[in-house]
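Have a look at the structure below before the remarks.
The values are calculated or read from the model by the stated rules, or taken from the named source; none is laboratory data. Since we're looking at a predicted model, the values are computed, not measured. Cβ placement follows ideal geometry from the backbone for every residue including glycine, while neighbour counts extend to all protein chains displayed.
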Amino acid sequence: MNHFFQLTIVAILVTIVLSSPITGDYSKKEYEDECKQAENFLSNALKKYVDEEFVQAYGKILMDGLHRLNKKTEDAIKNETDGTKKQEAINFAYDSCERLLLFMKDLEDKMKQ
């Protein structure tokens with residue numbers, strides 16, 4: 001019986017760990033800050049590399065995508081009644097902005113080489 005109880009506890013803990021998001025939940029402020037940081041970095045890159053066609057073309061596409069992501073996220077936060085779905089939208093937007101920022105920093109590092 002003791003062994004069965006231990007296995008049950010382990011199974012419950014594994015279920016809890018696997019069901020929680022890896023990245024964790026972010027606040028609306030954290031999402032806004034991360035996306036603002038990505039937007040500022042992208043704006044600065046567009047100004048800094050004004051003669052680079054690649055940067056200008058893809059930078060404008062990324063900026064448009066970032067604005068659409070922010071609009072969709074704000075709409076979800078405002079209109080969604082399910083708190084879980086609101087949190088999913090915030091987490092998705094935060095992760096997307098974080099990846100965008102990392103991508104842009106990596107790209108800039110490669111351009112400097």
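Any chance segment 68-91 includes a residue that's among the basic types (Lys, Arg), part of a helix (DSSP H, G or I), over 14 Å from the mean Cα position of the chain (by Cα) and under 15 Å from MET104 (Cα atoms)? So far as segment 68-91 goes, no, none of its residues is among the basic types (Lys, Arg), part of a helix (DSSP H, G or I), over 14 Å from the mean Cα position of the chain (by Cα) and under 15 Å from MET104 (Cα atoms).
Within segment 36-48, restricting attention to residues that are over 17 Å from the mean Cα position of the chain (by Cα) and free of Cβ contacts under 8 Å to residues at least 60 places away in the same chain, which residue is surrounded by the most Cβ atoms within 10 Å (Cβ to Cβ)?
Here is the first cut: in segment 36-48, the residues over 17 Å from the mean Cα position of the chain (by Cα) are 43-48.
Narrowing the set further to residues that are free of Cβ contacts under 8 Å to residues at least 60 places away in the same chain leaves 43-44, 46-48.
On the way: SER43: 12, ASN44: 12, LEU46: 16, LYS47: 9, LYS48: 12.
Within segment 36-48, the match that is surrounded by the most Cβ atoms within 10 Å (Cβ to Cβ) is LEU46.
Here LEU62 meets each of (1) of a type in the set (A, V, I, L, M); (2) under 19 Å from LYS110 (Cβ atoms); (3) surrounded by fewer than 18 Cβ atoms within 10 Å (Cβ to Cβ) with one exception, condition (3). With respect to the conditions (1) in contact with a helix residue (DSSP H, G or I) (Cβ under 9 Å, 6 or more places away or on another chain); (2) modelled with pLDDT of 90 or more, ASN44 lacks only one, and its number is (1). In the set (1) part of a loop (DSSP other than H, G, I, E, B); (2) at pLDDT below 85; (3) surrounded by 10 or more Cβ atoms within 10 Å (Cβ to Cβ); (4) not charged (D, E, K, R), ILE22 fails one condition alone, (3). Of ASP33, ASP51, all but one fail to be part of a loop (DSSP other than H, G, I, E, B), among the acidic types (Asp, Glu) and free of Cβ contacts under 8 Å to residues at least 24 places away in the same chain; the exception is ASP51.
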